[in-house]
Amino acid sequence: WGTWVDEESGDVHGCLDIALATGITNSNVIAVCITQAYVEKIDAAAHSNSMTVDNCLKELLWIRMQRKPVVPVVMESCMLDVT
């Protein structure tokens, strides 16, 4: 399987938004590593007036718009409770 990791790919040049969108668009399946800090960061961004500034939220919104399958990878046991 080929992988693309936004922080390690070496493909992120120029506009980060375009690189992330291209990486997601060219992927068949997206794995999202779930931590409490990640969820809190996205939640805060989603409820702020400047939500388009947060790259994690932008990635999730683009994944949803592209209708990509997502595999959640729970990294912390406290995140097993989906409520």
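The values are calculated or read from the model by the stated rules, or taken from the named source; none is laboratory data. Note that the structure is predicted; figures quoted are calculated from it, not measured. Note that we place each Cβ from the backbone using ideal geometry, even for glycine, and neighbour counts take in every protein chain shown. Each accessible area value is taken on the protein alone, full model and side chains, heavy atoms only, with ligands, DNA and RNA left out. Shrake-Rupley method; radii C 1.70, N 1.55, O 1.52, S 1.80 Å.
Restricting attention to region 43-83, report how many residues are open to solvent by 70 Å² or more (accessible area, probe 1.4 Å) and of a type in the set (Ser, Thr, Tyr).
Residues in region 43-83 being open to solvent by 70 Å² or more (accessible area, probe 1.4 Å) and of a type in the set (Ser, Thr, Tyr): 3 in total.
Please go through region 24-59 and give me each residue that is within 11 Å of the chain's Cα centre (by Cα) and over 22 Å from residue 1 (Cβ atoms), ordered by number.
38, 39, 42, 54, 55, 56, 57, 58
Could you look through region 18-42, keep only residues that are open to solvent by 70 Å² or more (accessible area, probe 1.4 Å) and in contact with a helix residue (DSSP H, G or I) (Cβ under 8 Å, 6 or more places away or on another chain), and pick out the one that is modelled with the highest pLDDT?
Taking the candidates together, the pick is 36.
Is it the case that some residue within region 1-13 is in a helix (DSSP H, G or I) and either at pLDDT below 90 or open to solvent by 80 Å² or more (accessible area, probe 1.4 Å) (or both)?
no
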